[in-house]
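Take a look at the structure set out below.
The values are calculated or read from the model by the stated rules, or taken from the named source; none is laboratory data. Every value quoted in this text rests on a predicted model; they were computed, and no experiment measured them. Please note: Cβ atoms are built from the backbone with ideal geometry, for glycine as well, and neighbour counts cover all protein chains shown. Ligands, DNA and RNA are excluded from the accessible area calculation, which covers all protein heavy atoms including side chains. Shrake-Rupley method; radii C 1.70, N 1.55, O 1.52, S 1.80 Å.
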Amino acid sequence: MSEDKGKINRRDFLKGAATGVLGGAVLGMGLFSYGPWSKTYFPEVKRKLVDIGTCKSVKVTNLSETSWFENSVLMGDIKGAGGLLVNQYSYNWPPFGDGTGLGKGSYEKGIAKIKHLLPHAIDEAWAVTEGLSVNPNNAGGFACLIEVEELSGNKRKFLLDSGWSYKWMDECFKREGIDEMLRNREIEALIISHEHFDHFWGVPVTYKYDPTITTYIPEGFYPEGLQYIKDSGHQGKVITIKPGLNPLIPGLSTYVFAVPIICRVYGEQAIFANVKDHGLVSITGCCHFGIIQFSETAFREIKYEKDQLYGIYGGLHISPFEDWDPKYDDLVLSLGKYDFQKIGCNHCTGLLCAKKFVDAGYPIVRGTAQYRSRETVYLGNGDRIGFGIEV
Amino acid sequence: MERFGMGYLEERKLVQRWPQPFPAIVSLVLTIAVFYLTWWIFQDPRGWLRMYTPYVGYMYTRWWLIMLIWMVYIFNYWPFKRTWLEKTHPIVKGAVLTAISVLILYGLIKGFFEGLLGNFGIAYFNPERLMKLPRMTEFFALEYASLACLMFAAIASWLSPAWVVACEEVPWQNMDQPGKGISILVVTFFLSVLVFFMTMHSHMGILYYPWQYFTAITPPYWEKFANTVSGNFHVAWIMCCTVVVWIVETIWERFPFKLIKTNWLRRITAFFGIIVLAWAMFFFLYFAQELTWGQAIRGTRLINAPDWRWLHVGEMAVFFLVPAIFITFYCGNWPRRFSLPVNVLIRTVIAIAAAILLYIVYYKTSHDFLGTQKGFMHEAQFPMIPLIWLINIWLVHHWFMDNWPAWKMVPKTAAEISLDHDAEKAKINEIRWTKALGWGLGVGTVCGVAVYFITLSILPWVYKSITIIK
């Protein structure tokens with residue numbers, strides 16, 4: 001009798017206990033997880049304050065920010081090929097066109113048509129690919145020249161990205177004298193921000209004038225991208241940068257983020273410059289990781305002048321296709337508290353976003369809308385911006 | 001009187017052709033093969049139709065799920081007669097019913113959303129209307145319209161089954177089909193419209209420049225609480241509601257709500273109890289991300305952005321649904337030998353463990369296997385699409401094809417049905433208030449709270465110990 005009673009009690013106890021475990025866990029999840037007490041679980045941010053040195057000034061020349069000329073044409077191609085996640089090398093865009101049509105190409109078939117012409121006969125290579133590719137005339141590119149003045153007054157030059165269309169980029173390089181600078185070995189290195197078509201596929205144009213230039217790429221390049229550097233006739237060093245900080249010269253450092261990017265690309269590299277008596281300047285190709293993430297990373301990792309986030313140059317990847325999403329408004333609404341003094345945005349920031357920045361009262365540097373840049377709301381092709389120096 | 005499929009799922013006996021685990025393994029292999037083939041045909045960015053743009057494929061996947069729920073849970077297979085359901089070969093049944101679900105799906109998207117709502121009510125449901133906006137491209141017009149339909153689907157996929165599972169079809173439970181189905185459809189659709197306007201409309205309103213102050217509430221009321229103006233905040237808790245409805249229906253066997261004897265109280269408690277459980281899950285999954293990836297920072301992109309974190313809450317929740325459905329459909333809701341609460345607890349623990357494993361496997365393999373973006377954080381990386389696609393295939397297999405070929409469907413006899421009802425009553429009556437149950441409940445609650453805090457402590461360590469993305 002007593003044994004029976006004990007058995008029943010144990011079974012009842014287990015029923016209650018099983019229900020209680022579920023209920024208790026749900027109670028904790030519901031009451032604690034988003035309450036004010038949950039904040040006690042977050043450690044205070046410890047700043048590393050890595051010293052990357054300082055430079056006197058930085059000047060950026062926008063060689064080209066018009067990565068493509070007609071947004072509707074580009075998006076039509078993306079739609080036709082299957083959307084934002086399709087491998088960029090399969091689009092049949094130049095220079096990898098093989099004549100089979102949209103979304104049916106490959107790196108191997110495309111490069112086979114022009115490899116023998118790279119890097120010295122890029123005009124001929126482009127003429128070949130124009131006949132085989134989808135919408136070749138829509139290709140533009142992103143690239144800029146960064147001139148760093150050291151505290152001693154010595155000036156050093158770097159190229160950020162090499163654009164897309166050989167024809168357009170060669171025209172831009174010649175317009176700004178980049179061809180001569182490369183020939184004279186005045187430019188120390190080519191820094192590739194990421195593997196996207198509009199930043200990287202024009203790399204033979206740089207190698208045409210200096211095939212030995214040291215090239216920095218972020219970790220995450222796909223095999224096609226690595227092979228393209230070789231197939232473009234590059235003879236210099238290729239340095240793959242792992243995620244994190246990579247100081248280049250006093251006051252200038254790159255930083256690599258391991259981020260996934262549309263069209264099957266992974267990893268992006270951007271630049272920090274610490275300008276004496278002014279603060280930190282961010283120079284980005286596309287900034288897929290977000291400018292606020294870049295700023296927060298700087299705050300945690302780097303020691304910079306006056307603890308001031310001073311300037312921005314480049315694409316901020318907010319509405320590259322003139323699209324919009326409420327999360328972009330989160331950025332527009334939040335950027336003000338970072339107190340940037342000079343914002344030279346363009347390219348994938350999007351015209352709409354630049355307008356919203358202007359509406360919010362941010363210090364946007366306007367452009368001249370020349371050389372096929374569309375509006376003056378942001379820095380266009382051929383425009384310059386200085387940090388610690390007037391241009 | 002013709003009953004169509006009313007009670008069909010309860011009154012069919014699925015007889016295993018071989019002892020377990022072979023039927024479960026065969027079904028898993030078969031459905032994964034169908035999943036992969038259909039994924040390549042319809043969704044894969046490297047495949048044929050490439051609907052994973054991502055929103056177009058996402059929208060059709062979500063609405064297809066709702067079509068299946070409507071056909072089976074709300075319309076009880078109407079207009080198909082009971083004899084047809086019982087005597088037709090599963091392949092024929094599967095093909096016919098799937099084809100009909102796709103036809104209704106297409107009609108709903110093109111006819112109702114794009115044609116009717118998009119032309120005579122709200123422009124953002126119709127891509128052609130959106131194309132009239134300055135600088136709008138065809139691609140984003142289609143994506144925006146798909147997003148609006150998708151957000152509606154998120155709500156409908158919670159409310160449609162909730163009316164059956166929680167509210168037990170009241171007040172139309174005794175009505176014949178199609179009257180019952182139409183009534184439930186109308187009321188759940190009406191509620192979905194209300195919830196849509198109060199949770200998603202503001203999100204759509206601020207997609208345009210300038211913000212549509214005069215037609216949508218902007219900035220939205222949740223901005224400060226959620227730390228974002230994005231409607232992903234709502235997508236997250238609504239997804240958790242959908243997942244909890246199905247967990248309650250499958251591995252929880254409607255426990256603990258079915259212990260409440262009073263009908264109206266049970267139904268109301270179940271409906272709102274599901275929401276309470278979902279919000280607990282919702283807050284916890286957000287907090288779990290903060291513990292592993294650090295606090296969200298408003299204005300950032302990708303993994304640290306609050307809107308991404310909220311969306312990821314919904315994505316994470318779906319990982320729990322997959323094993324829960326598998327346990328019920330293919331493992332006979334194992335285990336069944338203990339008391340109901342103990343069975344429920346064991347199944348829940350198994351589902352959580354399997355969900356974590358699935359999460360790791362998904363992110364390790366989806367880039368190569370499914371053609372999605374590498375890594376966790378891209379805005380177009382939606383694990384919900386393949387997971388719901390797989391769930392849809394399981395629903396077709398279980399509801400339309402009686403788990404063929406590893407199982408054979410045999411209608412239960414009246415005696416068997418009566419025995420089932422008695423067993424169900426006994427299962428519920430077995431749980432009565434006793435002193436021992438009270439003690440167990442108290443000790444269990446303390447243990448549950450302890451499990452929660454232990455989980456919080458080890459989560460960051462566990463995450464650091466496992467390399468998911470190289």
*Spot the failing condition for residue B:133; the list is (1) modelled with pLDDT of 95 or more; (2) over 30 Å from residue B:12 (Cβ atoms), and only one is missed.*
(1)
*Considering every residue within the range A:43-50, establish whether at least one is over 30 Å from residue B:45 (Cα atoms) and either at the interface with chain B (Cβ under 8 Å from one of its Cβ atoms) or of a type in the set (Phe, Trp, Tyr) (or both).*
no
*Could you list, in sequence order, the residues of the range A:102-158 that are open to solvent by less than 50 Å² (accessible area, probe 1.4 Å), among the polar types (S, T, N, Q) and not in a loop (DSSP other than H, G, I, E, B)?*
A:129, A:138
*Flag if residue A:214 is in contact (Cβ under 8 Å) with a residue 12 or more places away in the chain, within 23 Å of residue A:116 (Cα to Cα), touching a Lys or Arg at 6+ places or on another chain (Cβ under 6 Å) and polar (S, T, N, Q)*: yes
_The lone exception for residue B:456 - which of (1) at the interface with chain A (Cβ under 7 Å from one of its Cβ atoms); (2) surrounded by fewer than 16 Cβ atoms within 10 Å (Cβ to Cβ); (3) in contact (Cβ under 8 Å) with a residue 24 or more places away in the chain it fails_ = (2)
*For residue A:335, indicate whether it is part of a helix (DSSP H, G or I), open to solvent by 10 Å² or more (accessible area, probe 1.4 Å) and either over 22 Å from residue A:59 (Cβ atoms) or touching a Leu at 6+ places or on another chain (Cβ under 6 Å) (or both).*
no
_Here is a list: A:372, A:366. Which entry is in contact (Cβ under 8 Å) with a residue 40 or more places away in the chain and assigned to a loop (DSSP other than H, G, I, E, B)?_
A:372
*Sole exception among (1) part of a loop (DSSP other than H, G, I, E, B); (2) open to solvent by less than 60 Å² (accessible area, probe 1.4 Å); (3) within 14 Å of chain B (Cβ to nearest Cβ) for residue A:97, by number*: (3)
*Could you tell me whether any residue of the range B:131-147 is free of Cβ contacts under 8 Å to residues at least 24 places away in the same chain, open to solvent by less than 10 Å² (accessible area, probe 1.4 Å) and either of a type in the set (Lys, Arg) or not in a helix (DSSP H, G or I) (or both)?*
yes
_Quick check on my filter: what residues within the range B:274-294 are within 8 Å of another protein chain (Cβ to nearest Cβ) and either farther than 19 Å from residue B:237 by Cα or in contact with an Asp or Glu (Cβ under 8 Å, 6 or more places away or on another chain) (or both)?_
B:291, B:294
_Leading residue by the ranking (farthest from the chain's Cα centre (by Cα)) among those in the range B:427-453 that are more than 7 Å from chain A (Cβ to nearest Cβ) and open to solvent by 60 Å² or more (accessible area, probe 1.4 Å)_ = B:435
*Given the conditions (1) surrounded by 17 or more Cβ atoms within 10 Å (Cβ to Cβ); (2) more than 7 Å from every other protein chain (Cβ to nearest Cβ), and given that residue A:75 satisfies all but one, which numbered condition is not satisfied?*
(2)
*Of the residues A:15, A:59, which single one is of a type in the set (Lys, Arg), open to solvent by 10 Å² or more (accessible area, probe 1.4 Å) and at pLDDT 95 or above?*
A:59
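Taking residue A:208, is it closer than 17 Å to residue A:251 by Cα and touching a helix residue (DSSP H, G or I) at 6+ places or on another chain (Cβ under 7 Å)?
On the way: closer than 17 Å to residue A:251 by Cα: no; touching a helix residue (DSSP H, G or I) at 6+ places or on another chain (Cβ under 7 Å): yes.
Here the answer is no, as residue A:208 does not meet what is asked.
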_Subset of the range A:301-332 (residues that are open to solvent by 30 Å² or more (accessible area, probe 1.4 Å) and modelled with pLDDT of 95 or more)_ = A:301, A:303, A:305, A:306, A:307, A:308, A:310
*Name the pairs: first residue in the range A:343-359 and away from chain B (no Cβ under 12 Å) and touching a residue at least 24 places away in the same chain (Cβ under 8 Å), second residue open to solvent by 10 Å² or more (accessible area, probe 1.4 Å) and of a type in the set (Val, Ile, Thr), Cβ to Cβ under 6 Å, at least 6 apart or on different chains?*
A:343/A:364; A:344/A:365; A:357/A:364
*If residue B:236 passes every condition in (1) within 14 Å of chain A (Cβ to nearest Cβ); (2) part of a loop (DSSP other than H, G, I, E, B); (3) in contact with a helix residue (DSSP H, G or I) (Cβ under 7 Å, 6 or more places away or on another chain) but one, which one does it miss?*
(2)
*State whether one or more residues within the range B:193-203 are crowded, with 23+ Cβ neighbours inside 10 Å and aliphatic (A, V, I, L, M).*
yes
*Scan the range B:402-443 residue by residue and report those that are farther than 30 Å from residue B:29 by Cα, touching a residue at least 12 places away in the same chain (Cβ under 8 Å) and among the acidic types (Asp, Glu).*
B:416, B:420, B:430
